[in-house]
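Bear in mind these aren't lab numbers, they're just calculated from the coordinates by the rules spelled out. Fair warning: this is a prediction, and the values are worked out from it, not measured in the lab. Please note: Cβ atoms are built from the backbone with ideal geometry, for glycine as well, and neighbour counts cover all protein chains shown.
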Amino acid sequence: MSTIAAALRPIPLPTATRLRTDPAAQAFTLLRVVFTVAPILFGLDKFVEVLNGDWTIYLSSEFNDLIPGSAEDAMYLVGAVEIAAGLVVAIAPRFGALLVAGWLGGIIANLLLVGGFGDIALRDFGLLVGAVALFLLAGAYDRPAERDAQRA
């Protein structure tokens with residue numbers, strides 16, 4: 001199977017027995033749930049603005065110039081991408097984790113261009129590392145039968 005097909009293949013959640021006994025399965029599931037829920041909630045908030053009343057303050061002029069429409073339109077686009085990324089993580093966590101990591105890299109670059117948000121950029125770097133960890137763990141859980149055969 002090609003690398004792309006492997007990354008896009010849906011990965012089931014580990015069984016309840018494995019979750020009780022395997023710390024790596026616990027970490028994989030925890031990261032998968034967090035990187036599903038958090039992007040969806042942040043994406044939805046771009047539309048309803050409960051967490052933040054003005055997401056446009058985080059948009060650099062350099063990125064705003066690249067995106068057609070207003071800064072508010074850009075935030076709606078960002079929200080849609082974040083929702084989609086969360087859904088992809090839920091279904092295909094190996095690919096979704098890379099998608100989220102790349103997206104976080106873009107957010108970090110944007111925040112550094114805006115200036116004054118270095119603390120948030122550093123936090124997002126930690127999230128990027130977590131997304132990479134999800135990618136690595138997803139690689140271990142995309143072929144459970146092969147992994148079990150190797151352990152025997």
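When only the Cβ of Lys, Arg, Asp and Glu is charged (+1, +1, -1, -1), the dipole of the chain relative to its Cα centre reaches about 980 debye. Between the beta carbons of Ala133 and Phe47, assuming R0 = 25 Å, the FRET efficiency works out to 0.30 to the nearest 0.05. Helix-only arithmetic for the chain: the sum of -39500 (n - 2.57) across DSSP H runs with n ≥ 4, divided by the residue total, places the mean residue ellipticity at 222 nm at -25500 deg cm²/dmol. Build a GNM of the chain with springs between Cα atoms under 10 Å: which of Ala90, Ala101, Ala25 gets the top mean-square fluctuation? Top of the fluctuation ranking is Ala25. When Rg and Dmax are taken over the Cα atoms of the stretch 16-139, they come to 15.4, 51 Å. Pairs of alpha-carbon atoms within less than 8 angstrom and 6+ residues apart define the contacts here; what relative contact order does the chain have, in percent? Result for the chain is 29 percent. Between the residues Val81, Leu112, Leu127, the greatest Cα displacement towards the positive end of the dipole of the chain, with unit charges on the Cβ of Lys, Arg, Asp and Glu, is found for Leu127. Ranked by the mean number of other Cβ atoms within 10 Å of their residues, highest first, the peptides 105-114, 119-128 fall in the order 105-114, 119-128.
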